[in-house]
Amino acid sequence: MTEPTTDIAGPAEPAGDPRASLESLRSEIAKAVVGQDPAVTGLVVALLCRGHVLLEGVPGVAKTLLVRALASALELDTKRVQFTPDLMPSDVTGSLVYDTRTAEFSFQPGPVFTNLLLADEINRTPPKTQCSLLEAMEERQVTVDGTPRKLPEPFLVAATQNPVEYEGTYPLPEAQLDRFLLKLTIPLPSREDEIDVLTRHASGFDPRDLHAAGIRPVAGPADLEAARAAVAGTTVSPEITAYVVDICRATRESPSLTMGVSPRGATALLSTARAWAWLTGRDYVIPDDVKALALPTLRHRVQLRPEAEMEGVTADSVINAVLAHVPVPR
């Protein structure tokens, strides 16, 4: 089932400073979403790296609202797909439809043809439909009846899943998890933030009306392109490259894991560290950039041993142990 959203008309002109434009996203999104700055930063990093994001959190922590607010503040078209057990691949990618007027088949694009696709509760649909996103996420195109069709640019899949509901769900296969650049955990709000949320609702805030909340476009596709070009120019020293490789190789030797980080994961960590370095105002990467993005970039790329999981070991604790063990370059 798809839920259409209002298209934003017209791309924004490139701002003078793309970093300042992207940094202003936090304050703009905060008009609708309270206390989720790390998740906002993660989504911006994914856009800069042309990656995709898996959002995990219990129901009711504003995962959907966060994505919608980001799309509004960036002047991006967005569509939402509610993943259900009976959802078919063609419901996501589109299909050929017979036109009785022309006696020919024409392609009807699916909701994946957008800038920001919200795949809500992606683990509630069978693997066949989950995998319909693989080509779109990796190749940024959809092939229907042998014809490849390019997706809009920029394109990001923000998929949500609930960590507490296992009945009626289909765990994402490792191959698909590896296609997500980041896995962001959305925590429950603090007491102060929750009071702020309730105060806003008591004052008439409607999460379905972002325009009334005062969210306005502060950046656009042109700013993203300029920012991506700047990130591509961020310097990475041989010592930092070796540090990233050492971290990923250490996960493969961890006794708590049956599967460590692949070379694709190492490439992802280097990319996210470069984006974070640029966002913080530097044109070179330091070890702290790698450490800052290690958890969201790697936590979904490792697989725990059953006995370690029974003892309470988590992917995050293993990665933190690796970061503490691997020598930091000077």
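The values are calculated or read from the model by the stated rules, or taken from the named source; none is laboratory data. Note that this is a predicted model, so its numbers are computed, not measured. Here Cβ is always computed from backbone atoms with ideal geometry, including for glycine, and neighbour counts include all displayed protein chains. When the accessible area is computed, the model is the full protein with side chains, heavy atoms only, and any ligands, DNA or RNA have been set aside. Shrake-Rupley method; radii C 1.70, N 1.55, O 1.52, S 1.80 Å.
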Response to the item:
With the charge dipole of the chain built from beta-carbon charges (+1 for Lys and Arg, -1 for Asp and Glu) about the Cα centre, the Cα from 285, 41, 317 projecting farthest to the positive end belongs to 285
Worksheet entry | Per-pair calculated FRET efficiency, R0 = 22 Å: residue 24 and residue 77 via Cβ, rounded to 0.05 | 0.60
Item to complete: Pop the C-beta distance of residue 175 and residue 198 into the FRET formula with R0 = 35 Å and round what comes out to the nearest 0.05.
Response: 0.25
Worksheet item: Dipole size in debye (nearest 20) for the range 194-330 around its Cα centre, Lys and Arg Cβ +1, Asp and Glu Cβ -1?
Response: 340
Worksheet entry | Value of [θ]222 nm, deg cm²/dmol, for the chain, DSSP H segments ≥ 4, -39500 (n - 2.57) each, nearest 500 | -12000 deg cm²/dmol
Response to the item:
Per its Cα gyration tensor (rounded if a/c is under 1.5, else prolate when a/b beats b/c, else oblate), the chain is best filed as rounded
Response to the item:
The answer for trypsin sites (Lys or Arg not before Pro) in the range 215-278 that fall in a DSSP coil and have at most 12 neighbouring Cβ atoms within 10 Å is none
Discussion item. If the reach is capped at under 22 angstrom between alpha carbons, list the lysines near residue 63, excluding any in the same chain fewer than eight residues apart.
Written reply: 31, 79, 183
Practice prompt. Work out how much length residue 239 to residue 259 would gain on full extension: take 0.36 nm times their residue separation and subtract the Cα-Cα distance, in nm to one decimal.
Written response: 4.7 nm
Item to complete: Pull up all non-local amide H partners of residue 151: gap of 5 or more, or a different chain, and H-to-H distance under 5 Å with H placed in the peptide plane.
Response: 141, 142
Worksheet item: Hey, with R₀ at 25 Å, roughly what FRET efficiency would residue 225 and residue 131 work out to, going by the Cβ-Cβ distance, to 0.05?
Response: 0.25
Worksheet item: Once phi is turned into ³J(HN,Hα) by the Karplus curve 6.51 cos²θ - 1.76 cosθ + 1.60 with θ = phi - 60°, what whole-Hz value does each residue of the range 100-113 show in order, with x for glycine and proline?
Response: 5, 6, 9, 6, 9, 8, 10, 7, 9, x, x, x, 5, 7
Worksheet item: Considering only protein heavy atoms, what is the solvent-accessible area of residue 194 at a probe of 1.4 Å, reported in Å² to the nearest 10?
Response: 100
Response to the item:
Expressed in nanometres to one decimal, the distance between label points 7 Å along Cα→Cβ at residue 206 and residue 143 is 4.5
Worksheet, complete the sentence: Rounded to the nearest 10 Å², the 1.4 Å probe accessible area of residue 170 is 80
Response to the item:
extent check for the range 186-330: Cα max minus min per principal axis, descending, whole Å, gives 54, 44, 24
